[in-house]
Each structure stands twice: as structure tokens, then as C-alpha cells.
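Engineer: Got a structure for you, questions after.
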Amino acid sequence: MKVKLQLDHLKKDIDKLQKLHGNPKLSAVYGAGCICKPNILFLFMNPTARNISSFPQWKGLRAPWIGTKNIWKLLNSLGILDNQTFKIIQSGSSVWTCDFAFAVYNELNKKSIYITNLAKCTQNDARALKNGVFKEYLINTLEEIYMINPLKIISFGNQVSSILLNKRIQVSDYERNEKEILKLKNKIFDVYPVYYPIGQGMRNINKAINRINSVIRSH
């Protein structure tokens, strides 16, 4: 029996929103990893067609960043993804079989990491989504966070952090282990806004790594 890496009951609403806000020829991409009190929940923006798990013919885990290279540099630098797996990923998208994708996310599960996007609608490319689209996913994502119950949340970028926290956030204002608080029902979550380390944000990847390392070490 395979390890459970996703919250299946949230997928129905996500699939409906894909038809409204994503490419209708592609599938939505769900959060995955450790689904029970992970040390860290990484919250990104939204998937694109570079994620091969968004293809309808894909029969495996539909999860963030499958088939891509850059984000795994961040996770390897943080000591979350081991060197051997990282080298395989960097060799090319053809290594991403359904079994390999599951193995990668099971490794994250064992490291007590969960990865998700605020919006799960797969776009053709990385053009920015409007705030209104992210806000339509917010209820589902807040339920995801509540159920996953992470010790810490790393929110990437100004837009995602601002919508999550319902206040204007500039990630450049946060250093070391400075944080915000997110209250959901009877739970309180520590949120750490961080520079977005992918695409145009690659120039800030070292700042993101340094801050996340500080957050990981903090108690």
C-alpha cells in the first residue's frame, strides 16, 4: 500500500476552478508531501504547462514542479532533497516517470515537507495571475493549510504572501526569522514571507535560501 501524499477531498473544487481559470486542456496540480503536521509547508504561486503532471495522459501524482529543474536547486541547497535525486532531476525531464515523481515526493514526506500552490490552475506559461484568481482559491488553500497543520509556512513572493495574510506584504521587509501570524479557526500558524526564487526571482535565490535556513533553525 502506497503512502498517502495528498488530501484527496480537496481535489473536486480545485478541478472545477481549473475549468474557469486554467487551460481547460490541462489538469490542475495539487499540493503533495507530508500531509500530517510537516515541519514546513512551502506555498508557491500557480503551476504552468512545464509541469508534466498537468498533462491529461499523466497517470501518476499531480504535484508541483514535476518535470522542472530550478526549484529543486533550492530544495537541494536547503538539504531537503538529497544529492543523488537532485542529479537525476537535473539530467532532464525524461527522468520524470510516475514512479520517480512519487519517490521524490515521498522523500519530501520523510523530510517533513509539504509543497503546494496558492492557485492550482495550470496556465500555459508563467504570466502573472490577477489577485482575484488567487482569492478564488483562498478558501480551499486555507482548508488545506488547516488540515495539513504545518509547524511553519514559507510563503513565496509579495502577491502570494499578501493574499494569504490579507495585508500588504513586502518580502524585503523580513529578515532572519521575522514572521507573521495566520489564524484559522482554533489554530495559529507562523508564516514567513520569502523572496520568490524561480523565474525572474532566480536572482534572489540566495536570499531565499539564507532566510529559509534561518527559519528552519529557529524554534
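Residues checked against (1) of a type in the set (A, V, I, L, M); (2) buried (at least 22 other Cβ atoms within 10 Å of the Cβ); (3) in contact with a Pro (Cβ under 9 Å, 6 or more places away or on another chain):
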{"position": "LYS19", "(1), (2), (3)": "no, no, no"}
{"position": "TYR30", "(1), (2), (3)": "no, yes, yes"}
{"position": "THR48", "(1), (2), (3)": "no, no, no"}
{"position": "ILE52", "(1), (2), (3)": "yes, no, no"}
{"position": "TRP58", "(1), (2), (3)": "no, no, no"}
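Engineer: Moving on to the next point. Return the residues of the range 179-219 that are closer than 16 Å to ASN149 by Cα and of a type in the set (S, T, N, Q); say none if nothing qualifies.
Structural biologist: ASN186
Engineer: Could you say which residue among ILE198, ILE154, ILE205 is under 24 Å from LEU5 (Cβ atoms), in contact with a Ser or Thr (Cβ under 9 Å, 6 or more places away or on another chain) and among the aliphatic types (A, V, I, L, M)?
Structural biologist: Just one listed residue meets the conditions, ILE198.
Engineer: Another question, then. Kindly evaluate ILE154 against the criterion of being in a strand (DSSP E or B), closer than 20 Å to LEU61 by Cα and either touching a residue at least 60 places away in the same chain (Cβ under 8 Å) or among the aliphatic types (A, V, I, L, M) (or both).
Structural biologist: Against the criterion (in a strand (DSSP E or B), closer than 20 Å to LEU61 by Cα and either touching a residue at least 60 places away in the same chain (Cβ under 8 Å) or among the aliphatic types (A, V, I, L, M) (or both)), ILE154 does not qualify.
Engineer: Go through the range 21-38 and give me each residue that's in a loop (DSSP other than H, G, I, E, B), touching a residue at least 40 places away in the same chain (Cβ under 8 Å) and either more than 20 Å from GLY132 (Cα to Cα) or basic (Lys, Arg) (or both).
Structural biologist: Once the filter is applied, which keeps residues that are in a loop (DSSP other than H, G, I, E, B), touching a residue at least 40 places away in the same chain (Cβ under 8 Å) and either more than 20 Å from GLY132 (Cα to Cα) or basic (Lys, Arg) (or both), the range 21-38 yields LEU26, SER27, GLY31, CYS34, ILE35, CYS36, LYS37, PRO38.
Engineer: Looking at LEU5, is it touching a Cys at 6+ places or on another chain (Cβ under 9 Å), farther than 21 Å from LEU165 by Cα and surrounded by fewer than 18 Cβ atoms within 10 Å (Cβ to Cβ)?
Structural biologist: no
Engineer: Considering (1) free of Cβ contacts under 8 Å to residues at least 40 places away in the same chain; (2) crowded, with 17+ Cβ neighbours inside 10 Å, say which one TRP65 fails and leave the rest.
Structural biologist: Here TRP65 clears every test but (1).
The numbers here are math on the coordinates, done by the rules we state, and not lab data. Just so we're clear, the structure is a prediction, and the values are computed from it rather than from any experiment. Because the Cβ atoms are built from the backbone with ideal geometry, glycine has one as well, and the counts that use them run over all protein chains shown.
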